[in-house]
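Heads up: the structure comes next, in structure tokens.
The values are calculated or read from the model by the stated rules, or taken from the named source; none is laboratory data. This is a predicted model, so every value here is computed, not measured. Virtual Cβ from ideal backbone geometry, glycine too; neighbours counted across all protein chains shown. Accessible surface areas use protein heavy atoms only, side chains included; no ligands, DNA or RNA. Shrake-Rupley method; radii C 1.70, N 1.55, O 1.52, S 1.80 Å.
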Amino acid sequence: MEEVKKGGVNDFVVKLANVNGTGSASANGLLMKSIFRMGVPVVGKNFFPSNIQGLPTWYEIRASKDGYLARSGRVDLMVAMNAETYARDLADVSSGGVFLYDSSWPRDRSLSRKDVRILGVPLSRMMTEAFEVARTRILMKNVAYLGVLVALLDIEMDVVQQLLEETFASKRKLIDANMQAIKLGHDYAREHFDCPLEFRVERMDATTGHIVIDGNTAAALGCVYAGATFGAWYPITPSTSLMDAFGAFCKRYRKDPETGRNRYCIVQAEDELAAIGMVIGASWAGARAFTSTSGPGVSLMSEFLGYAYFTEIPVVLFDVQRVGPSTGMPTRTQQGDIMPAAYASHGDTRHVVLFPADPGECFEMAVSAFDLAERLQTPVIVLSDLDIGMNDWMCREFQWDDSYRPDRGKVLDAERLEKIAAFHRYADVDGDGIPYRSLPGVHSKGAYFTRGSGHNARGAYTEDAGEYKEVLDRLRRKSDTAATLVPEPVLMSARKPTRLGVLSVGGCDQAVREALDRLEARGVALDYLRVRAFPFSRAVQDFLDDHDQVFVVEQNRDAQLRSMLLIETEVAREKLHSVLRYDGLPLNPGAVVDGIDEIMRRSQAA
Amino acid sequence: MSFIRKPLILHADLPRNGVGLTLRDYEGGMSTLCAGCGHDSVSSAIVQACWELDIEPHRVVKMSGIGCSSKTPAYFLRGAHGMNSVHGRMPAVATGAMGANRRLYCIGVSGDGDSLSIGFGQFAHAVRRNLDMLYLIENNGVYGLTKGQFSASADVGSKAKRGEVNRLRPIDPVLTAITLGGTFVARSFSGDKAQLVPLIQAGLRHRGFALIDIISPCVTFNDHEGSTKSYAYTRKSSREAVHADFVPAAEEITVDYPAGDARMVTMHDGSHIVLRKTADDYDPTDRLAAMEHVESRHAAGEIATGLLYLEESEDDQDMHGTAGTVEEPLVELPFESLNPGAAALAEYQRRLR
Ligand SMILES: Cc1ncc(C[n+]2csc(CCOP(=O)(O)OP(=O)(O)O)c2C)c(N)n1
Ligand code: SF4
Ligand SMILES: [Mg+2]
């Protein structure tokens, strides 16, 4: 196993163990934001139960002066605020770390470790003394441990205060109560412990030009900027916050200033079958329309996805992946839908799939998804995951070019319809496999009957073998065209030439990059290709050709990405080695290093 | 076969409607249904209704699911876009299309299998949303396209062609729609054009969800002795509870109705529905009474037909009204009015630091 490094200045992990529903989220967010504002790169990850109140929940903050944003796999400081999970929380602390707990009640004596420092603060007792109302005491306890951390980690009090004032705006009373609780915690720590700890925050300048955002909010913002007007969805974790955010942005940016009416329409559908059907209807009628869902929803949408593929109707679908199969672990992350998304539905179907790696790409790819869907007249699935979608990421500020105009693809307007002799919906006029379409309500010359049953190039019903095959073969040509239009993979070459490569996808990116740095430090050089779309572009085949051994890193059991490389490229089976993690936790670099090491060891032994 | 187009012979002497089109211009491809199938009569009623209403065909969208009934949009209004979607999901695609472009007329055609079994949920929710569309169920008590299995609308005691008797209680789309808050609920018979055409017209002009459950016999699988959805049984058992005449906004009401027997409802666009009460004391604006009437006729072995329930309100009661959408169709909004721009993005991101 890779050895676990100890924390240091601007390089540590704080894990906060809380009880769900006790209001800890805002205190934890505040802590993360404070570190960010002190210029230190930071990432926050939520490990929450599928529950509303009462079950254990964790929040993990990693500060990294080197800008590593994966889950690190170690814990330097455990803030244990849930007595139920004391034992496992203590076990989680890395050697040399610190365990902070609420000492209002005596601690079980078995709870000790020689290599971990244990700090007790009587938080509940302090809050009972300071505040009247029971709910306030619970809420303020979270803020009080924040105060303890301000002292232990040497966080600037001004930064915290400023954040509180921004959060509560004009609610002076709330700000005062919060500051009081913070000071109580802070002063207690100063008085009883050696502050600060050896791992702590020191102001630096590595976060300017950056923001903190989650992928679902970023994707929703992309939908707004792409000009989407219609959204249909059915609630499901972890995709719900995407449509919620879209609604919130629309309330802000899409009200007609004169009438106060909405320049958008969001329908909470009766289920995912209806949601995707609504998107198909709206796109067919000419709107930019989308839905957001997760694995179980994609399963339900499958029949309609095949319909949209065959009838050539643009669809934009965000699949924020969670752990399957079935209901699985709804609040944990995985990349289990790569293959189901690419080939969703019966018959010969293949869809365009985009793989964002972070919120920045969620924003960009949301926009590309609409352009591609309309250019190609086909479903485009943006395959995000719970880790990207719901966790707080530090990313470069998003840019927008005001000269952008949507690519509406090959749509014939009334004027062009008037001019042509006859409109044939499925004729390949330009040789790129993409036909022309017309929208309802425009001109009766553009009228045609959309059907999922066999149709010929003119759009008429057919059971003729040749006519059917002509359409199906053209669809394959269209998919080849798609491979030239989708986002190119990202290549990161090692410092020295190598015949070894790593190929990965989406949310594995941060962990893979950190792992590559660690391996390089040991003298192992690997080129790295991150695929960003299916169908695979030529560059994927080239990368496979240019390397003798390729490690394929992905977060599922059955090596779905590797399987697709075998199906879709000319690569030799023996070349591709799988590094698979599917425990539901965001991938950590240690696991990637271990996986690669093990395969190398085995191949040397053989 | 539907892909063989009928020759478009232009008859100079055929009458033209307000938008200069003949009845033939509202027809579609040749039907591939069995000769005598009730569904074909419904198609021709739609052709006549649209022609009389002077609706330009390209302003209509024809939506359907899967089934013999769902094939029919290919057989009327060739100048309109049509969408034959997947089984039971027509309400969803119709919701999307109307969501995107609220100025379209939407005619949805479905079957009893399509709407009352696989698509029962979507049907219910389209009613509940009061989606602005005309929804026709071509109800034959069987799955025609899969060769005659009982559907959920088959009556208790109704006999299948091969003799087995249905024991399950039927789902009545009319009662269902009234319960769910439907604002225009009617029942008719494919063989009664005089009743059906004005209902279709009124339904098209109604702002909101207009359901017409049309008994439309399947001559191949459910038109025999012992079936309660046969031509003979329907003719014998239909009782018109209330007759609706549709009078377009521009026209004057010329017919004289005996006082006390007729009631005029003004629609949102200024047109009128004249309701002639044929059954005693029937009040088609009373939800509970309507349900009771339908139930009691059914218990007596009769089929209550006509415009059974109507709620015409002044306000914006359809899906877009409730959602507060702008009056212009979403598809026509210029991109500049949808994109907040780079400055707004920078401004928003300031809060993410
Ligand atoms: C998902 C799915 N399941 C089953 C079918 C097969 N199927 C086609 S039409 C039909 C029943 C249609 O019955 P109805 O809606 O009453 O139409 P009718 O043919 O009687 O007019 C069925 C079950 C299908 N097309 N799709
Ligand atoms: S099988 Fe029945 S429903 Fe289908 S076309 Fe023939 S008569 Fe009509
Ligand atoms: Mg039927």
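Between 0 and 90 degrees, rounded to the nearest ten: what's the tilt of helix A:24-37 against the longest Cα principal axis of chain A? Around 90 degrees separate the two axes. Rg ratio for segment B:23-323: its Cα radius of gyration over 2.2 N^0.38 Å, N being its residue count, equals 0.92.
Semi-axes of the equivalent ellipsoid of segment B:44-165 are 27, 16, 11 Å, computed as sqrt(5λ) over the eigenvalues of the C-alpha gyration tensor in descending order. As a calculated quantity, the FRET efficiency between A:Arg416 and B:Arg103 at R0 = 22 Å, using C-beta atoms, amounts to about 0.55.
Phi angles across segment A:145-161 convert, under the Karplus curve 6.51 cos²θ - 1.76 cosθ + 1.60 with θ = phi - 60°, into 3J(HN,Hα) values of 5, 4, x, 4, 5, 4, 6, 5, 9, 6, 7, 6, 4, 4, 5, 5, 4 Hz, Gly and Pro given as x. Taking every protein chain into account, the accessible area of segment B:23-323 amounts to 36 square angstrom per residue (probe 1.4 Å). The residues of chain A have, on average, 39 Å² of accessible surface per residue, using a 1.4 Å probe with all protein chains present.
A 1.4 Å probe over all protein chains sorts B:Ser31, A:Ser112, B:Ser216 by accessible area into A:Ser112, B:Ser31, B:Ser216, starting with the largest. Sorting A:60-68, B:91-99, A:292-300 by average packing, meaning the other beta carbons within 10 Å per residue, from highest down gives B:91-99, A:292-300, A:60-68. Converting phi to 3J(HN,Hα) with the Karplus coefficients 6.51, -1.76 and 1.60 and the offset θ = phi - 60°, segment A:333-349 yields 9, 6, 10, x, 10, 4, 6, x, 6, 5, 10, 3, 5, 6, x, 6, 10 Hz in sequence order, with x at every glycine or proline. In this rough spin-label picture, where each label sits 7 Å from Cα along the Cβ direction, the A:Glu574-B:Gln149 distance is 5.2 nm. What share of Cα pairs, in percent, lie more than 20 angstrom apart in segment A:201-316? Tail of P(r) above 20 Å: 47 percent of Cα pairs. Overall, the accessible surface of segment B:23-323 at a probe of 1.4 angstrom is composed of carbon and sulfur to the extent of 51 percent.
With the convex hull drawn around the C-alpha atoms of segment A:22-148, the volume per residue stands at 116 Å³. Inter-chain Cβ neighbour count for A:254-267, averaged per residue, equals 5 (cutoff 10 Å, partner chain atoms only). Surface calculation, 1.4 Å probe, protein heavy atoms: A:Arg137 sits at approximately 70 Å² accessible.
For the protein assembly as shown, the equivalent ellipsoid derived from the alpha-carbon gyration tensor has semi-axes of 59, 33, 25 Å in decreasing order.
Ranked by the mean number of other Cβ atoms within 10 Å of their residues, highest first, the peptides A:259-271, A:575-587, B:124-136 come out as B:124-136, A:575-587, A:259-271.
Ordering A:Thr207, A:Asn262, A:Thr237 by Cα displacement along the dipole of segment A:197-291 toward the positive end leaves A:Asn262 in first place; charges were set at the Cβ atoms of Lys, Arg (+1) and Asp, Glu (-1). Rounded to the nearest 20 debye, the dipole magnitude of the protein assembly as shown is 1340 debye, with +1 charges on Lys and Arg beta carbons, -1 on Asp and Glu beta carbons, and the Cα centre as origin. For segment B:304-350, applying the loop criterion from DSSP together with a ceiling of 15 other beta carbons within 10 Å to the GluC sites (Glu not before Pro) yields B:Glu314, B:Glu327. The Cα trace of segment A:505-604 gives Rg and Dmax of 13.0, 35 Å, the first to one decimal, the second as a whole number.
Rg/Rh for segment A:271-400 stands at 0.96; both radii use Cα atoms, and Rh follows the Kirkwood definition.
Between chain B and chain A, the total buried accessible area stands at approximately 5200 Å², from heavy atoms with a 1.4 Å probe. Here the peptides A:549-562, A:492-505 are ranked by packing, the mean other Cβ count within 10 Å, and the order with the highest first is A:549-562, A:492-505.
Once both labels are positioned 7 Å from their Cα atoms along Cα-to-Cβ, the gap between A:Arg113 and A:Asp401 label points is 5.1 nm. Note on surface exposure: A:Cys362, B:Cys34 rank B:Cys34, A:Cys362 by accessible area, highest first, 1.4 Å probe. Across peptide B:84-91, the average count of Cβ atoms from other chains found within 10 Å of a residue's Cβ is 6. If you plug the beta carbon distance of B:His224 and B:Arg287 into 1/(1 + (r/R0)^6) with R0 = 41 Å, you get a FRET efficiency near 0.70.
For A:Gly97, the amide hydrogen comes within under 5 Å of the amide hydrogens of A:Arg117, counting only partners 5 or more places away or on other chains and with H modelled in the peptide plane.
Take the Cα of A:Arg172, step 7 Å toward its Cβ, do the same at A:Glu156, and the gap between the two points is 2.6 nm. Remark: the A:Thr481-A:Arg518 segment gains 9.5 nm on full extension, using 0.36 nm per residue and subtracting the alpha carbon distance.
For B:Lys229, go through the lysines and keep the ones whose alpha-carbon is under 24 Å away, minus same-chain ones fewer than eight residues off. By straight Cα distance, B:Lys229 reaches B:Lys71, B:Lys147, B:Lys159, B:Lys161, B:Lys193. Accessible area per residue (1.4 Å probe, heavy atoms of protein chains only) ranks A:His351, A:His186, A:His192 as A:His192, A:His186, A:His351, with the largest value leading. A Förster radius of 51 Å, combined with the Cβ-Cβ distance separating A:Arg252 from B:Arg24, puts the computed FRET efficiency at roughly 0.50.
Inter-chain Cβ neighbour count for A:224-230, averaged per residue, equals 6 (cutoff 10 Å, partner chain atoms only).
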